[in-house]
Amino acid sequence: MPRAASSVFGLAALVLLACPAVRAGCAAVDEPSATPALVSPQSAPVAAPPPKAPPPTVAEASAEAREVLAAVGRLDDADTALSLAAEGAALYDAEKVKLDGYAYCSQAVELAERGEFRESARAASKALHVALQSGNTDLLGKAYRDLAIAFSYAGQLERAEQFANLALKYPGVDPTQVNGPARKVIGDVRTRQARYDEAIAAYDQAGAESSARFRPLVEASLANALILSGDLARARATLDAVPSPPDARQQAQLQRTRGRLLLAENKPEEALVLYRQLADAPAAGDEDFYRAWALDGISKSQSALGRDAEAAQALDQAIDVFDRARSQFRSDEFKMGLFSDLQSVFERAIGLHSRLGQPAQAFDISERSRSRALLDAVSGRVEFDQAAVATLDAAALQAMLEPDEVVVAFHTLPDRLLAWVLSREGVREVKYPVALPRADLARLVDAYRDALIRVSPNAPEVGGKIGQLLLAPLGLPAGKRLVIVPHGPLHYLPFQALRLDGQYLIERNPISIAPSISIAARLAQRTPTAAPQLLAFGNPTINPEVADPLPGAEKEVHELARRFPGAKLFFRGEASKDNFASNAPASRLVHIAAHAMADTLDPLHSKVLLADKDGKPNYLEAKDVLGMRLDNVAMIALSACESGLGRVENGDEVLGFTRSFLSAGTSTLLASLWPVSDAATEKLMTTLYTDLAKGIEVQDAMRDAQRAVMADPATAHPFYWAPFNLIGNWRLQVTQ
């Protein structure tokens, strides 16, 4: 049976998702999304209700509910309007102090501005519930608008557009409060999809239907879309007509847009002068942040002038300044349609150093980008030891490697794939004979994962072709211990199931994965050994409407405990979040056999479904883990479906449990990439823990476990043995 839970949001509007016929019950997994990116403002405060309109009749309210049900019939995942309304009902019912629906809209906007995307959606879902319950169509439009904004912030463009279109059906008492922001969301979506003509049309409509307060922000976004589309004359006219914002920070952002336009007009010298002025006199408040973006503009200007060395130097300075800035997330630039992504600065710096023949510098910046992505995503939300994610340079990492260890680090750029091979001998950059743009890699990985999950007989052949494409150019000797550092969509690729020289890679080389080699190397150095002390949780008691029981998981835990006398075990109602929090920090080996649920709208809300408390869900969320001190924990195994998934797009956001556990101090993590087979998982885990109990290093133990499942003809397909990744400290050894 499968080991992942269906998402449930209460009441009659329960939405259940079906996984492949493996462990019964399935994880609700939101669509993959981009790095946190956009914030769209409101044209006016929404805390106060608008002038009263005649209340709808009961018949009208019922028709309203029926229309909602019909409108969401096309939406097919856990974040449909129907399921969000049901979630809102459950959340609203649980509130001790129930607020006015418009107050929930205000909360949604405030939370989105802070980057709390899932909480923003939850606040908007409460407004949606109140609107449907009362038949208030004015509130309904605003709730849909705020859901559109929350999903737009998180980069879930399809959902953002769907909710924006629903909002437009209910313009309310003051249509400018709904139509302008909703149409701007559609324009923002089209801009990020590079469908600039449609974006411009949406912004034109938004401007016509916006309040005077909101319209300048629409015009600023329009100007950026016009620049990107190549309509420079209209961009110039539009930008010149935008009134100067009263806020100094928005003035600086507007100047950045002018710099963009000068570069597009092939006036790099003028752009360089403007950006240097911005760098010398950044906007008051967060000076480092605005100076860093000015340095980025200087770099672009120098590149346009053919001065790559000077451009790289300016980008290096920008990255140093960004490291002092508090966070990537600034609502002002997103309001004005700039859609800036700090990762693009790292990408350009990596590309420049690569072009200049400086592989060590390019590798170092790639490592810094991974650390920065995590810090930006959790900034202001969770307190944890930031020193744990500080990066090491290539020279320091080389000195930490054993002679038989090789690090392979990837970085996906929009137009090509870069790879570095790091060993005791040095660092070398690999030149791929084909470009392999990021979007192509994402499609390739998705297709391969789909073939694996469908247990397609062609999957091994596809794995061979991908292995030839990605691995063959690396020149990796058989037998070497590999630590693979993926990037972007490659985080979803099971490298162990790729084929090279007629073998699966796991047959050829011991393998582990690291979201950052700096983090993994520190963990390996800090925790070389662990005592055979096991803490295990199995088959937590969950509301049967949410998830099926897992008797196989309970059996699995009993089997593992036989290898570790004195193990502390928690089953059913005792397999709780409270018992995890009180016991895990003092434990060395932790095993959790339970349902899991990935949340890629906000990966810090990804959760393991531990036992209900007082009849209510009491999940262990990734953000809870980040707030714990788990330095004593040598290994955590998440024996659950898709526990290793997070949000991956332009940056390096694998922010589910992978980054959370490692950043909290856990040395080694086992997590899955797709729904897992019950019998195969039991075999894999039993072999793994048997090896660990014998003192075999975890990388070799994982290799033995995967090959043991592979050896059975009934489970020889990679679907059965390849879902689990060994992440983090690859050297861990259990000793007495």
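Any read-out appearing in this document is the output of simple, stated calculations on the displayed coordinates, not a laboratory observation. Predicted, not measured: the structure shown is a model, and the values here were computed from it. For neighbour counting, all protein chains shown are included, and Cβ atoms are generated from backbone atoms with ideal geometry for every residue, glycine included.
Within the shell defined by Cβ-Cβ distances under 11 Å, the residues around L397 carry a net charge of -2, with Lys and Arg each +1 and Asp and Glu each -1. The Rg/Rh ratio of segment 58-233, with both radii computed over alpha carbons and Rh defined as the Kirkwood radius, is 0.99.
The alpha carbon centroids of segment 174-192 and segment 690-713 are separated by 54 Å. Close amide H partners of H595, meaning residues 5 or more places away or on another chain with modelled amide H under 5 Å apart, are L609. Neighbour counts of other Cβ atoms within 10 Å put L413, L217, L469 in the fewest-to-most order L469, L413, L217. Electrostatic bookkeeping for W420 treats Lys and Arg as +1 and Asp and Glu as -1; over the other residues with beta carbon under 12 Å from its beta carbon, the sum is -1. Of the peptides 427-433, 444-450, 552-558, 242-248, the order by per-residue mean of other Cβ atoms within 10 Å, starting with the highest, comes out as 552-558, 444-450, 427-433, 242-248. Here each label is just a point 7 Å from Cα along the line to Cβ, and for D240 and A439 those points are 3.4 nm apart. Largest first, the three principal axis extents of the alpha carbons in segment 195-236 are 28, 19, 11 Å in whole numbers. Its residue count N sets the reference 2.2 N^0.38 Å, and the alpha-carbon radius of gyration of segment 442-504 equals 1.09 times that reference.
Residues whose amide H falls under 5 Å from that of G656, counting only those 5 or more places apart or on a different chain, are G646, R647, with hydrogens built in the peptide plane. The gain in end-to-end length when the R454 to D393 segment is fully stretched comes to 17.8 nm, 0.36 nm per residue minus the alpha carbon separation.
Taking 0.692 mPa s as the viscosity and 37 °C as the temperature, the Stokes-Einstein diffusion coefficient of segment 521-734 based on its alpha-carbon Kirkwood radius rounds to 194 µm²/s.
Other residues whose C-beta falls under 12 angstrom from the C-beta of A567 contribute a net charge of +3, scoring Lys and Arg +1 and Asp and Glu -1.
Counting beta carbons within 10 Å around each of D280, D440 and listing the fewest first gives the order D280, D440. Along segment 94-99 the Karplus relation, 6.51 cos²θ - 1.76 cosθ + 1.60 evaluated at θ = phi - 60°, assigns HN-Hα couplings of 7, 6, 6, 10, 8, 9 Hz to successive residues, with x for each Gly and Pro. Note on segment 394-516: Cα-Cα pairs beyond 21 Å make up 36% of the total pair count.
Sorting the segments 145-157, 680-692 by their mean number of nearby beta carbons within 10 angstrom, highest to lowest, gives 145-157, 680-692. Computed from backbone phi, the HN-Hα couplings of segment 504-514 come to 5, 4, 5, 6, 8, 9, x, 9, 9, 10, 9 Hz, rounded to whole numbers (Karplus: 6.51 cos²θ - 1.76 cosθ + 1.60, θ = phi - 60°; Gly and Pro given as x). Taking θ as phi - 60° and the Karplus parameters 6.51, -1.76 and 1.60, the scalar couplings of segment 188-196 work out to 4, 4, 5, 5, 6, 8, 6, 9, 5 Hz in sequence order, x denoting glycine and proline.
When each of V421, V130 is scored by the number of other beta-carbon atoms lying within 10 Å, the sequence from fewest to most is V421, V130.
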